[in-house]
1. Count, please, the residues in region 28-74 that happen to be among the hydrophobic types (A, V, I, L, M, F, W, C), in contact with a strand residue (DSSP E or B) (Cβ under 9 Å, 6 or more places away or on another chain) and within 16 Å of the ligand (Cβ to nearest atom).
2. Which residue is nearest to Gly320 (Cα to Cα), if the candidates are limited to region 84-100 and must be surrounded by fewer than 20 Cβ atoms within 10 Å (Cβ to Cβ) and touching a residue at least 24 places away in the same chain (Cβ under 8 Å)?
3. Mind checking which residues of region 101-136 are of a type in the set (Asp, Glu) and either more than 15 Å from the ligand (Cβ to nearest atom) or surrounded by fewer than 24 Cβ atoms within 10 Å (Cβ to Cβ) (or both)?
4. If I ask for residues that are outside any helix (DSSP H, G or I), closer than 19 Å to Asp182 by Cβ and small (Gly, Ala, Ser), which ones from region 268-287 would you list?
5. Hey, can you tell me all the residues within region 182-223 that are farther than 13 Å from Val168 by Cβ and of a type in the set (Asp, Glu)?
6. Out of all the residues in region 70-82, which are surrounded by 17 or more Cβ atoms within 10 Å (Cβ to Cβ) and either in a loop (DSSP other than H, G, I, E, B) or not assigned by TED's automatic domain parsing to the domain that holds Thr350 (or both)?
Amino acid sequence: MHAIRAAHAFDGSRFLPGGATVLIEGDRIVSVESGRVALPAGVEVAEHAGTVLPGLIDCHTHVVADCTFGGLERTGGMTDEDIDAVIVESLRAHASAGVTTVRDLGDIRYRTLAFRDVPGLPRVVASGPPITTPDGHCHFLGGAVGGMLDADLRAAVSERAERGVDVVKVMASGGFATPGTDQLGAQFTAAELAVLVDQAHRAGLPLVAHAHSLAAMENASAAGVDGIEHFTGLSTAQGSHIDDDFLQQVARRGLFVDLTMGNDRSLHALMPAPPPPLAELMTRFGVSSFDDFYVSRIGELARLREHGVRLIAGVDSGMGPTKRHGNLWRTVGEMVEGGYLAAEALAAATSVAAQACGLAAEVGRLAPGHAADVLVVDGDLSQDLTTLSAPRAVLVNGVPAQLAPQ
Ligand SMILES: [Zn+2]
């Protein structure tokens with residue numbers, strides 16, 4: 001047994017007064033006590049002046065993608081060995097930034113599934129290749145359905161279930177990484193999505209939908225999906241706007257919503273030009289740059305909070321230099337910038353994220369019986385979240401995380 005004692009503590013939902021002592025045996029947390037408590041003789045204690053908390057969870061990553069623009073598409077021309085090397089590098093980058101669980105929402109050839117439980121690397125909740133339409137968003141990952149008949153849709157889900165995925169991902173709208181797809185419209189009708197959801201649920205799997213357009217978000221919600229990724233709210237009539245009724249509906253249905261933010265905003269100038277339909281929309285609605293648009297999304301966070309939408313933290317990490325693996329800590333700061341309390345923002349990146357990943361009993365909390373996924377950072381996070389970017393210690397399943405080479 002060994003213990004971590006810190007002057008400040010966040011347990012996954014609240015800050016514990018007087019810090020905490022976390023007792024660990026093997027891969028499990030044995031106990032979590034507020035403040036300084038006596039420990040059994042012979043227990044080695046690591047003392048920290050900062051904050052101890054559960055390891056962070058990035059609910060939207062692509063570990064096969066190397067953080068260059070177009071990197072995800074280029075995996076099609078890579079060998080399995082090369083892809084596996086990128087996966088290891090990505091997971092080390094996550095671990096180095098305090099991320100101990102990732103939900104991977106799109107790989108190629110199911111490569112991530114072999115990396116779900118590598119000692120010292122973040123655990124992976126894996127979707128395999130996203131389900132998409134022929135020539136649809138990210139079709140180059142090999143996840144296009146064979147046709148749009150119910151049998152085709154069910155077969156797409158069954159293939160993934162047989163492969164042993166943890167979650168099913170569907171591209172409900174077009175996306176920016178696939179020029180020519182319809183980012184403002186829908187790739188599947190609500191009825192088609194409902195078939196996918198039904199087949200996933202029969203297999204005991206949650207289904208989450210990628211949706212930039214309002215139309216796709218509405219289809220996804222009507223179809224009974226478990227979560228919506230991006231949630232950009234694009235429509236030709238309203239630009240990027242989600243009305244109160246829809247937010248209310250999403251909150252009432254308990255959908256997990258992930259805005260996939262956490263960008264390194266200092267690199268926004270490197271972003272490729274938006275596709276023509278989006279550029280036209282931005283001009284029409286007076287949005288002068290992507291950076292402007294991004295800041296406006298942070299401004300919208302207060303409305304999600306007001307309506308009680310279940311927000312979770314995810315980056316879409318790997319999709320470019322602005323979205324590096326390990327950027328998750330940035331989403332926490334953005335939520336606070338948008339009006340969330342520090343504890344709420346940290347919960348979105350820990351306990352609530354764990355629920356979305358189907359791992360509520362396993363990770364996301366400092367609690368007895370949970371996996372010993374533990375993060376220590378400097379300072380008091382209840383007062384200052386900036387230190388979240390620089391972990392002092394990271395444990396995955398009770399062992400020190402494999403960090404990226406400095
Ligand atoms: Zn993605």
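1. Of the residues in that region, 6 qualify.
2. From region 84-100, those surrounded by fewer than 20 Cβ atoms within 10 Å (Cβ to Cβ) are 84-85, 88-89, 96; that's our starting set.
Next, from what is left, pick out any that are touching a residue at least 24 places away in the same chain (Cβ under 8 Å): 84, 88-89, 96.
Working: Asp84: 18, Val88: 17, Glu89: 15, Ser96: 18 Å.
Within region 84-100, the match that is nearest to Gly320 (Cα to Cα) is Glu89.
3. Going through region 101-136, the residues of a type in the set (Asp, Glu) turn out to be 104, 107, 117, 135.
Within region 101-136, Asp117, Asp135 qualify.
4. Of the residues in region 268-287, the ones outside any helix (DSSP H, G or I) are 271-275, 285-287.
Subset that is closer than 19 Å to Asp182 by Cβ: 272-275, 285.
Ala273 - this is the single residue of region 268-287 that is outside any helix (DSSP H, G or I), closer than 19 Å to Asp182 by Cβ and small (Gly, Ala, Ser).
5. Asp182, Glu192, Glu218
6. Within region 70-82, just Met78 meets the criteria.
The values are calculated or read from the model by the stated rules, or taken from the named source; none is laboratory data. The structure presented is a predicted model; accordingly, all values stated were derived computationally and were not measured. So basically every Cβ, Gly included, is an ideal-geometry build from the backbone, and we count neighbours across all protein chains shown.
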